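What follows draws every value from the coordinates through simple rules; no lab data is involved. The structure presented is a predicted model; accordingly, all values stated were derived computationally and were not measured. Note: ideal-geometry Cβ built from the backbone for every residue, glycine included; neighbour counts use all protein chains shown.
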Amino acid sequence: MNLLDESYPVHAGGTMNSQAVAEVAGCLPIIIPSDPRLVSVDDLLGLCDGFLLTGGRPNVHPSEYGASETPAHGAFDRCRDAITLPLVRACVERGQPIIGICRGFQEVNVAMGGTLHPEIRDLPGRMNHRMPPDGSLEEKFALRHPVRFTPGGVFHRLMGAQEVMTNSLHGQGIDWPGPRIVVDGWAPDGTPEAIYVQGAPGFTLSVQWHPEWNAAGDPVSRPLFAAFGAAAASWAAGVRPALARLG
């Protein structure tokens, strides 16, 4: 059977995500079928020590944050919504480590009561954050803009720098942060790029860019995945480190 045939449904994950989890975080990567008919949040919480919420083309359905569906919202994955949103809330409550990337970053905000804008580049004064339509993979994931962190904040301490360079491959973005979402890093146009959940007992750092690209060699990606791996190892050992200990 030709598994490249688009008519054959698959559960898949990016190789870069698995490599970052294995080689930098030092964890065993497992691809989870994001379908509530096949897995439950309770089962996943017992199976895994931490969760990487990856990027993906489908967007969180706007009904999850009280908005109506429009063509600008693009494609959806309602099965993934049904797993990841309650999973985020459960992990935040338990202190179980999560790290969100791109769509995963947006999922964390929505799960915690925030909203999204379907097309950041349509907002006054905003740049086009979407992936370049042409070019090699290296060109699409190339560093495109700086992200500036809160002085002395969690990301500043973790990265050892108040400003870093990142790639940019997203169309949607945070409109309103959830009540407990702390925006800790911004692009030059004011777009939120780094967040965590205030008062969470565990690791909840999430980013709008794609740190899985060149994670082992990138000075911004490596500390992020290393910190996530350390949090997952602590969870496995029964230790519940506070977010404030990072950096």
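Modelled label positions at Gln198 and Thr70, each set 7 Å beyond Cα in the direction of Cβ, lie 2.9 nm from each other.
Roughly speaking, what % of Cα-Cα pairs in the range 1-82 are separated by over 23 Å, rounded to a whole number?
Value for the range 1-82: 37 percent of Cα pairs lie more than 23 Å apart.
All other residues whose Cβ lies under 13 angstrom from that of Gln198 are scored, Lys and Arg at +1 and Asp and Glu at -1, for a net of 0.
Normalised by the number of residues in the chain, the average gap of Cα pairs under 8 Å and 6 or more apart makes the relative contact order 23 percent. The local environment of Gln172, defined by Cβ-Cβ distances under 15 Å, has a net charge of -4 under the rule Lys, Arg +1 and Asp, Glu -1.
As a proxy for reagent exposure, Cys102, Cys27, Cys79 were ordered by neighbouring Cβ count within 10 angstrom, fewest first; the result is Cys79, Cys27, Cys102. Taking N as the residue count of the range 1-140, its C-alpha radius of gyration divided by 2.2 N^0.38 Å amounts to 1.13. P(r) for the chain, from all Cα pairs and a bin width of 10 Å, is 7, 33, 40, 18, 2, 0 %, short bins first.
Counted residue by residue at 0.36 nm each, then reduced by the alpha carbon distance between them, the extension gain from Leu38 to Glu139 reaches 32.6 nm.
In whole Å and largest first, what semi-axes does the C-alpha gyration tensor of the range 119-158 yield when each eigenvalue is scaled by 5 and square-rooted?
Gyration-tensor ellipsoid for the range 119-158: 25, 17, 6 Å.
Note down the net charge around Glu69, summing +1 for each Lys or Arg and -1 for each Asp or Glu among other residues with Cβ under 14 Å from its Cβ. Net charge around Glu69: -3. Each helix, a run of at least 4 DSSP H residues, gives -39500 (n - 2.57); summed and divided by the residues of the chain, these come to -7500 deg cm²/dmol at 222 nm.
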